[in-house]
Structures are given as C-alpha cells and as structure tokens.
There are 2 protein chains.
Amino acid sequence: MSSPTRLVEVRQNVLKQNDLLARSLRLRFEAAGVFVISLVSSPGAGKTTLLEKTLTRLRENRCRVAALVGDLATENDAARLARSQAPVKQIITGTVCHLDADMVQRSLDDWSLYDLDCLFIENVGNLVCPSSYDLGENLRIVLMSVTEGEDKPLKYPTIFNTADVAVITKMDLAKAVEFDLPGAHQSIQSVRPGMDVLQLSAKTGAGLDGYLRFLEERIESRVAVGIK
Amino acid sequence: MSSPTRLVEVRQNVLKQNDLLARSLRLRFEAAGVFVISLVSSPGAGKTTLLEKTLTRLRENRCRVAALVGDLATENDAARLARSQAPVKQIITGTVCHLDADMVQRSLDDWSLYDLDCLFIENVGNLVCPSSYDLGENLRIVLMSVTEGEDKPLKYPTIFNTADVAVITKMDLAKAVEFDLPGAHQSIQSVRPGMDVLQLSAKTGAGLDGYLRFLEERIESRVAVGIK
C-alpha cells in the first residue's frame, strides 16, 4: 500500500505552496497597513457571535474592519456578520475542512486593502486541519467554549500551539457545565507555556471590553503577539 | 499548480482502499455476530460522557460491549470509559483528524469479536473528515449539542448525510442557550429527510432510557437503520 506515503508527500507539496502564498499575502497586508486576525475553533464555540460583536464595537471606535468567513455550506454566518454593517464575504469550501491562503487571496480580489485597518478571517469550525494552513494572518486566536471541556488543549495540541492567543468563550455557562477554569488554564499552559488567555461571554458581555482593548492595542501597534 | 489535483486523485485511492477494508471488516463483524456503532460529532459534544453511561447501562443489561476511542493525543477518554468496566482501547491518531478502517482493524488484533455483542467506535471530534471514512460500522450516530447552534446540520451536511441517527445532547442546557429545538429538527430533516432524531441529557439522564432502548433493539435484531 503505497498510497498513504504518496498522500503525505503530495500534502507536503500543497502545504509548501500554501506557505509561499501566505508569505506573499502577509507582505501585501503589511504594505496596505492592514492587521489580519484569524479565528479558529471547533464548530459552535461561538466564533460568529463573538465576531459580530467585535466588528460592531470596533466600527463604533472608528476602526475600519472587514471579515472573511469560511464554511462548508450556507451563507448563514456572513448574513449574521453583515448585521455589523462591516463588509463581509463568505468563502464556501465545499467539502474542504479548512481555509487556505489561495481561498483568502481569491476572496480579496475586489476589495481595497488600503481602506481597511483590520481584516478578520473566521476559519471553518474544526480543531484539526486549520492548524496546518498559514493564511498570512498576524494573529491567530483559538476559541474554546466552556461546554467543550477543560482538556481540549491536551487533545488538540497543534491548534493551540499554532495560535497566538486563547479565548475561553461562553463563560456565562461555566457554572451550569461545572467548568474547571484552573484546569483549563493548566491544560493550555502545558501545551503552550506563557500563552495569553482571555475569557468572556459574548452573550452577557462579560470580558468583552478587555478582549476588545487587547485587539485594539494590537491593531494600533500593528504588532502581533506571535508574529510569523 | 498541479498539486491540488494530484491530492484529490491520491486521496480517492486512499478512500477506495479504505472502503475495501471497511467492507472486509463489516463481513468479519457479521460473522462474529457483533453489532458495531460509531459516534461522530464536533469536539465537546459529549460523545465520551454519553458512551460511558451507555457502556455501563448496557453491561447491566448483560449486553457484552467494548469500545475503541480515537483521539489525536492523550488517553483521557479511554481512562474515562474504562470506569464502565467494559474493555476499552484508545487509538492515538497523531495529527490525523479521523479514524480509518485500517486503524480499527489493527486495534482489534488481540480482541476476540466472538465474545462481544456490540462494539462502539468513538471517532475523533471533527464534523468534516470522519464523514468520508467508512469504518465497517452498522450504525453511525452523529451527536450535536444544544450549545453548538441549530444550523450545524446545514453547515456540515455531509456528516449528517452519512450518519444513520442524530442525537441532540446536553438538553439540560437548552434553556440557558435558548436552543431552538424545532429549528434544529428542521435543519436535520432538510439535510436528511426522515432521519431518526433522539434528544437527551447524559448529565440529568433525561432521554437516556429511550436512547438505550433504541440501541438495544438494534443490537438485538442486528439490523441497522441504514445498513451499508
């Protein structure tokens, strides 16, 4: 059975192509002065809800924002995000379980990056595959919701290792699901020591101010926590 | 850029190999009289919690059960499932985001299938990739928790289309997250009309009796809802 070996080889080629493209995207973002933030998480961790609030609030503070949002099917998320009044584009991936740099590049064809301060990229809900694909972003945020359990970082270490910041979401449900917050922090730190961890509830708004301050500082200084 | 095309070609070869192996596994399961049930869901939907209760309760009813559980890293889930006293084996997939038939086959090397009535296979938490890999199971159950949102079936249609039964989990949290139950049923039916849908809370036990009755009937009759 030679197929699995060939699969790995070819996959590495694709990844290499992706890295080259991501690098050119990153240079293009830098030249246009736009800071790019991507969001990864499992399905249902609250990426879209958080992003909708983020876009709305950043716009109120006169930050020029836009968003790309990846999904296998449906334009539901783009419709939700469009309520923020920010420019939003959906990337339908079909059966592909992650975004790649080529999809991002093609989505930007008719947008002028020079009119933006910050571009958000919401990846497909998946804790595995998106970790391998550099999208040219400056900051990668991994979300985990309290309903997923404290040991997710231990079980999906690569996605935490390739992210710059972790955000624990749905804190309003922490009590109902008996979430072990110290345990979660311990899991994250054991996988990626020193990682910044924020916690919030997009529903109640708790922690949202701190999260937005964190983003605004990064956007203003155009300096990523873990610049690639 | 010829790589993406080659990737698809090679991937189809791997999938074909997997289908052949899955078919031989299915014949082996049938010959041994063991009914095989797989569980798929996003990370944190409650597969392990539900499976622990399932193994415990089925054992009490003198059903001879065992479980294989897939994860990228850690043996946490196997440790949790072992509390049921049923034989449990962890399959560590490394960076592979799904189980395949070969991993299942190799895990069964030192188990006598003739001593089992039912084998559970808990897949890696992922709503995309596991849908493409037949594991030789008789029944595939897709779990979605109320915290993930009603539109998951629309956004991840393939995993619902390749499953035989949908189980809505964490019903105890439905009110707290304002879960739209009719909306969820509508999403499921629009993706897979006529699909059996069960709802339960492994935490409070609500709906668990119905779920177990459903499984026991299938195990006893050795007839899958959507036999492949």
Which of the residues spanning the stretch A:94-115 are more than 16 Å from the chain's Cα centre (by Cα) and within 12 Å of chain B (Cβ to nearest Cβ)?
A:94, A:95, A:96, A:102
Just checking, does the stretch B:112-122 include any residue being within 26 Å of residue B:220 (Cβ to Cβ), part of a loop (DSSP other than H, G, I, E, B) and modelled with pLDDT under 95?
yes
Pick from the stretch B:115-130 the residues that are surrounded by fewer than 24 Cβ atoms within 10 Å (Cβ to Cβ) and not aliphatic (A, V, I, L, M): which of them is nearest to residue B:159 (Cα to Cα)?
B:129
Note on the stretch B:146-159: residues surrounded by fewer than 23 Cβ atoms within 10 Å (Cβ to Cβ) and more than 7 Å from every other protein chain (Cβ to nearest Cβ) are B:150
Can you pull out the strands (runs of 3 or more DSSP E) entirely within the stretch A:123-228 that have at least 3 residues that are in contact with a Phe, Trp or Tyr (Cβ under 8 Å, 6 or more places away or on another chain) and on the phi < 0 side of the Ramachandran plot?
A:165-169
Please state which of the following conditions residue A:198 fails to meet, knowing it meets all the rest: (1) buried (at least 21 other Cβ atoms within 10 Å of the Cβ); (2) in contact with a strand residue (DSSP E or B) (Cβ under 9 Å, 6 or more places away or on another chain).
(1)
Is it the case that the stretch B:27-41 has a residue that's buried (at least 19 other Cβ atoms within 10 Å of the Cβ) and within 14 Å of another protein chain (Cβ to nearest Cβ)?
yes
Spot the failing condition for residue A:136; the list is (1) crowded, with 24+ Cβ neighbours inside 10 Å; (2) within 14 Å of chain B (Cβ to nearest Cβ); (3) modelled with pLDDT of 95 or more, and only one is missed.
(2)
Of A:225, A:167, which residue is touching a strand residue (DSSP E or B) at 6+ places or on another chain (Cβ under 9 Å), at pLDDT 95 or above and of a type in the set (A, V, I, L, M)?
A:167
If you check residue A:15 against the conditions, is it within 23 Å of residue B:128 (Cα to Cα), modelled with pLDDT under 95 and surrounded by fewer than 20 Cβ atoms within 10 Å (Cβ to Cβ)?
yes
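Mind telling me which of the residues B:15, B:27 ends up being free of Cβ contacts under 8 Å to residues at least 60 places away in the same chain and over 23 Å from residue B:208 (Cβ atoms)?
Details: B:15 fails: free of Cβ contacts under 8 Å to residues at least 60 places away in the same chain.
Answer to the check: B:27.
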Step by step: first the residues of the stretch B:76-103, then only those that are among the β-branched types (Val, Ile, Thr) and closer than 19 Å to residue B:55 by Cα, then the one that is surrounded by the fewest Cβ atoms within 10 Å (Cβ to Cβ). Which residue is that?
B:91
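What residue, of B:207, B:136, is over 15 Å from the mean Cα position of the chain (by Cα) and small (Gly, Ala, Ser)? Walk me through how you get there before you give the answer.
Values: B:136 fails: over 15 Å from the mean Cα position of the chain (by Cα).
Only one candidate qualifies: B:207.
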Is it fair to say residue A:143 is within 30 Å of residue B:201 (Cβ to Cβ), crowded, with 20+ Cβ neighbours inside 10 Å and either at pLDDT 95 or above or within 10 Å of chain B (Cβ to nearest Cβ) (or both)?
yes
Only one of B:168, B:159, B:188 is over 15 Å from the mean Cα position of the chain (by Cα) and under 23 Å from residue B:126 (Cα atoms), namely B:188
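The values are calculated or read from the model by the stated rules, or taken from the named source; none is laboratory data. Remember, predicted model here, so these are calculated numbers, not experimental data. With ideal geometry, Cβ positions are generated from the backbone for all residues, glycine too; neighbour counts draw on all protein chains shown.
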